[in-house]
There are 2 protein chains.
Amino acid sequence: MEKIPILKMGKLLLVTIQVDLYDRLAEALEADLVQMINKTGAQGVLIDISAVSIIDSFMGRIIGNIATMSKILDAETVVVGMQPAVAITLIELGLPLTGVYSALNVEKGMSLLQGKINLKETGFIPEDDGDTE
Amino acid sequence: MEKIPILKMGKLLLVTIQVDLYDRLAEALEADLVQMINKTGAQGVLIDISAVSIIDSFMGRIIGNIATMSKILDAETVVVGMQPAVAITLIELGLPLTGVYSALNVEKGMSLLQGKINLKETGFIPEDDGDTE
């Protein structure tokens, strides 16, 4: 199984990383993802890395690349489920993942992205628009 | 990475199978999933097998087991993203996956499960489940 599936959920795409990303797999993921954003008009990408217990500079860079590519195609990227040790390693590697949002789990990531999409579409985050009119 | 992540999304759990399931991994997945259903009170399980291009009787049986376990814990299972060749193989293996619902993709699987959950809770499927604008 040499392919990381990209799941479409409404305006979002979900990618779950469960295997070590080697060169070709990472390239294929990047290519698939940009194609999928283009095809579906997705406005957000969720990358779940809860199964990733060891991260290296290569994988860190790939995540950064994906975020940058998505951004150019007008989709925000949120990394979810990062294990504490992975966060420590990323900082020690000097990869603070700039331009990548993060959230504790998929649900929080989805609501973060949903908020950003609403903000982009309507110009404001809908709350109970009561007093200011 | 010896663990298949289970993502909680509202009342549903999502499992993406990307690697070959061997004995121990399959057992761990079953155990994790029943624990997760128990902990979260999830009412539906989505198993995405779009990355699975070759299926054997072991994996077929595991999917059947998961569905049966979930059913006992009052959660329905939907298998999504099955490749045509996999469907053919399952039938040739004599594994028609009884008790498992299936859907073409995650979105359709989610709406199928949502319909079932609504049906269980209210006794009828609402025509338009109040999407806010």
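Nothing in this text is a laboratory measurement; each read-out follows from the coordinates by a stated rule. A quick note: this is a predicted structure, and the numbers were derived from the prediction, not measured. Ideal geometry is used to build each Cβ from the backbone, glycine not excepted, and the neighbour counts take in all protein chains shown.
Structure data summary
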{"item": "Matching entry among A:Ala75, A:Ala31 (being under 27 Å from B:Ile49 (Cβ atoms) and crowded, with 17+ Cβ neighbours inside 10 Å)", "result": "A:Ala75"}
{"item": "Entirely in region B:14-121, the strands (runs of 3 or more DSSP E) that have 3 or more residues that are within 14 Å of chain A (Cβ to nearest Cβ)", "result": "B:44-48, B:76-80"}
{"item": "Qualifying residue in region B:41-52 (condition: over 30 Å from A:Asp56 (Cα atoms), out of contact with any strand residue (DSSP E or B) (no Cβ under 9 Å at 6 or more places or on another chain) and touching a residue at least 24 places away in the same chain (Cβ under 8 Å))", "result": "yes"}
{"item": "Unmet criterion (only one of (1) within 9 Å of chain B (Cβ to nearest Cβ); (2) in contact (Cβ under 8 Å) with a residue 12 or more places away in the chain) for A:Leu7", "result": "(2)"}
{"item": "Qualifying position, being under 18 Å from A:Met9 (Cβ atoms) and of a type in the set (Val, Ile, Thr), among B:Val19, B:Val100, B:Val15", "result": "B:Val15"}
{"item": "Scan of region B:66-85 for residues that are within 21 Å of B:Lys108 (Cβ to Cβ) and out of contact with any Gly (no Cβ under 9 Å at 6 or more places or on another chain), ordered by number", "result": "B:Ile66, B:Met82, B:Gln83, B:Pro84, B:Ala85"}
